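Just below is one structure, and these are the notes that go with it.
The values are calculated or read from the model by the stated rules, or taken from the named source; none is laboratory data. Quick caveat, the model's predicted, so the values are computed rather than measured. Glycine also receives a Cβ, built like all others from the backbone with ideal geometry; neighbour counts cover every protein chain displayed. For accessibility, only protein heavy atoms count, side chains too; no ligands or nucleic acids. Shrake-Rupley method; radii C 1.70, N 1.55, O 1.52, S 1.80 Å.
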Amino acid sequence: MDKIKRLAVGQQVRLIFGLICAILVAIGLFLFFSLRAIERHNEELQTQILREWKLSNALSHNLRLAQIEVFQHVQTQDSEEMKRHDQTISSMKEADEKRWNDYGTAADNEREAQLYARALQAQKKYWEQTELLLALSRVNRDAEARELAFSKQAPAYEEYQKVINDIADWTAKEGGEMAVASTRLIVRTRTVGDTLVGLAILITIGTGLALVGVARRLKEDNIVLQTEIAERKLVEEEIERLRIEHKTILDSVSKGVHWIDVEGRVKFENPAATKMLGYETTELLGKPAHLTMHHSHADGSPYPVSECPIHATMNDGVIRRVKDEVFWRKDGTSFPVEYTSTPVRDENGHLAGVVVVFTDITERKRIEARLFQSQKMETVGKLAGGV
């Protein structure tokens, strides 16, 4: 129980719900398979009893028909009709033997085995007496002699019929036993099912009480969670407001701004930067920064990347300001810039990249060149006037 208390509220609810579901599923499966077992057992017994019942009826019917054929055989004086009766009786005898073979295959208990043994003896005696009667009927035309032979065959018929009737009675008894067995299985299944249902009710009551405590804790936790969500929403709104303000400021400044990650790729650029570099909006995002920052000295001679101020800031995290370097536009032309590289760190204090703020100083260079040229001409003029 202590382990359950240490679980989160949601986990407790899922655990208790899963426990109840498992119990109900177990009860359902038990009842399902129990009823299926009863159904299969009944089907097997019904099939077997129906088969035995059909066999006993067929045997009894076949025996009565055979006895009628025998009686007609004894009574007739026509040799052709006698042959026809002989053929009919022979086919009935074959059918009789085949049905007993089927019954012997179906017999699966001691009582049926005993009845089967008695039936075979009665069958053998009946057909022996019948063959003797038919033989006497064929050679003796005296009616009294045939009737005397018939009276000796009749007890064998009655004995044989009695055994078949005993088998039919046993089959009916088996049907009654099947009903009793099915009733017992149903009662047993109902008893176990009622026990399991009672157990499930007890567990459900216990888990219901536990759920009351869980619901109370859930309500308390929900209040705390709603407070945290409200506070977090205020923080997120403030962050979004600051982000919009910062973006507005960055978009409005005339200086170019690049944020370069530790892998040297551009992660952010403001409109002024893309305009000065001749790129479309967001075109530089994710691309290497060296596409635009091919640094060179003021005289145009390049220097290694290892000497690049931005690269140095990336390595040592020191702010650097460069007054006179050259950046490259998309069309391949260059322009002089002045920039500052400032390191950016994440919440853990690790270096996350460098922010480069740069200014196109082309116009300033032109003004400085004109001033230099003007001063130079003025100096030359003074020297010429002095001469």
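Among the listed pairs LYS255/LYS323; LYS98/LYS124; LYS323/LYS376, those with a Cα-Cα distance over 22 Å are LYS323/LYS376. Considering only THR340, LEU351, TRP328, and ranking their Cα positions along the charge dipole of segment 322-363 that arises from unit charges at the beta-carbon of Lys, Arg, Asp and Glu, the one farthest toward the positive end is LEU351. Heavy-atom accessible area for VAL224, with the other protein chains in place and a 1.4 Å probe, reaches approximately 80 Å². If R0 is 41 Å, the Cβ-Cβ spacing of GLN75 and PHE32 corresponds to a FRET efficiency of close to 0.05.
Considering only DSSP states other than H, G, I, E and B, which GluC sites (Glu not before Pro) in segment 302-364 qualify as loop sites with at most 10 other Cβ atoms within 10 Å? Listed in order of number, the matching sites are GLU347.
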